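Every number here is computed from the coordinates shown, using simple stated rules; none is lab data. Computed from a predicted structure; not experimentally measured. Cβ atoms come from the backbone with ideal geometry, glycine included; neighbour counts cover every protein chain shown.
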Amino acid sequence: MSQQPLIEITDIGRKYVIGAETIHALKSVTLNINKGEFVALMGPSGSGKSTLMNILGCLDTPTRGEYILNGINVSDMTDDELAEVRNKEIGFVFQTFNLLPRSTSLDNVALPLVYAGYSKSKRSEMAQKVLESVGLGNRVDHKPNELSGGQRQRVAVARALINNPSIILADEPTGNLDTKTSVEIMALLEEIHSNGNTIILVTHEEDIAQHAHRIVRMRDGLIEDDYLNNDIKSVSPRLAALREKGSDFENI
Ligand SMILES: Nc1ncnc2c1ncn2[C@@H]1O[C@H](COP(=O)(O)OP(=O)(O)O)[C@@H](O)[C@H]1O
Ligand SMILES: [Mg+2]
């Protein structure tokens, strides 16, 4: 696979000043992620994972250092400029799904397209397609409270995919799901990764992190460890069968 840099972060820091106290949530983080990687970001509570994810997702800017996303220097952008980059480049999946409760699956998934300027019929057509791709073609008219937790997270994943973003950022996507449903969501993320998407996943569960191809561990606002996972656990039946046959995964 060609090594195209997607994320280039150099010596970034993020501090919060509260009264007389300064909290260095990120001290100095340097990290490069290429297109097509599947990275798990781990570390104890308070180690800076969410702060780093917020910066990666252009929801926040570092107080020091440089961030180049897909060739664009986003370190010093205004909030409006960041919002535009975010809409185009990033798909978010959260622990708590963050769906609009009174909207159908179709409308939740189609929402990001409103800002992209598509017509209503085009938006519905695109949302229908993505919902089918995550196995929810028969749940398009359901509202979140008419869906199971796993189905809600599938809707959220479909919404993250709809703009064809360069990166999927998932902050504890299985944190609110039981083990069986977590496995289904990880299988879905594996499929999405095998289609060429870049995924960065925050988790504190070793089991979940084992699905990723690279593991980055944080502690006290620093990267403590960063290594390729030699023991990838695959739960997607399709991918597991391919693996059994000894297919070259990077070229599926
Ligand atoms: N908005 C904020 N204001 C002040 N301190 C914050 C804020 N967000 C995070 N922090 C602090 O920064 C550190 C890192 O937090 P966070 O990135 O949320 O860690 P994690 O996601 O790994 O649990 C913690 O000490 C936290 O209390
Ligand atoms: Mg966090």
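Computed values, structure above
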{"item": "Lysines whose Cα lies under 22 Å from that of Lys180, excluding same-chain neighbours fewer than 8 positions away", "result": "Lys233"}
{"item": "Rounded D (µm²/s) - the chain, Kirkwood Rh over Cα pairs, Stokes-Einstein at 20 °C, 1.002 mPa s", "result": "114"}
{"item": "Cα shape, region 23-148, gyration tensor, a/c 1.5 rule", "result": "prolate"}
{"item": "Residues whose placed amide H lies under 5 Å from that of Glu37, excluding near-sequence neighbours", "result": "Ile199"}
{"item": "The chain - share of DSSP beta bridges that are antiparallel (%, nearest 5)", "result": "55"}
{"item": "Rounded, prolate or oblate (a/c below 1.5 giving rounded, otherwise prolate when a/b exceeds b/c) for region 83-183 by Cα gyration tensor", "result": "oblate"}
{"item": "Dipole of the chain, positive end: most advanced residue of Thr63, Leu52, Val93 [Cβ charges, Cα centre]", "result": "Val93"}
{"item": "Qualifying lysines (Cα of each under 25 Å from Cα of Lys88; at least 8 residues distant if same chain)", "result": "Lys35, Lys49, Lys120, Lys122, Lys129"}
{"item": "Under-5 Å amide H pairs with Met218, H placed in peptide plane, nonlocal only", "result": "Met42, Gly43, Glu224"}
{"item": "Extension gain (nm, one decimal) between Glu125 and Thr22, 0.36 nm per residue minus Cα-Cα", "result": "32.2 nm"}
{"item": "Reach of Lys15 by Cα under 20 Å, taken over aspartates and glutamates that are not fewer than 8 positions away in the same chain", "result": "Asp60, Glu66, Asp76, Asp79, Asp220, Glu224"}
{"item": "Karplus 3J(HN,Hα) series, Hz, for region 68-76 with 6.51 cos²θ - 1.76 cosθ + 1.60 (x for Gly, Pro)", "result": "10, 10, 6, x, 9, 7, 9, 4, 10"}
{"item": "About the Cα centre, charge dipole magnitude for region 12-160 (Lys/Arg +1, Asp/Glu -1 at Cβ), debye", "result": "400"}
{"item": "Separation of the Lys15 and Gln3 label points, Cα + 7 Å toward Cβ, nm", "result": "3.4"}
{"item": "Fewest-first sequence of Leu228, Leu161 by Cβ atoms within 10 Å of each Cβ", "result": "Leu228, Leu161"}
{"item": "14 Å beta-carbon shell around Gly43, net charge (K/R +1, D/E -1)", "result": "-4"}
{"item": "Gain on full stretching of the segment that runs from Lys180 to Asp207 - 0.36 nm per residue minus C-alpha separation", "result": "8.5 nm"}
{"item": "Rg/Rh (Cα only; Kirkwood hydrodynamic radius) as it applies to region 138-252", "result": "0.98"}
{"item": "Two-site label geometry, Arg238 and Leu111: point separation in nm, points 7 Å out along Cα→Cβ", "result": "2.7"}
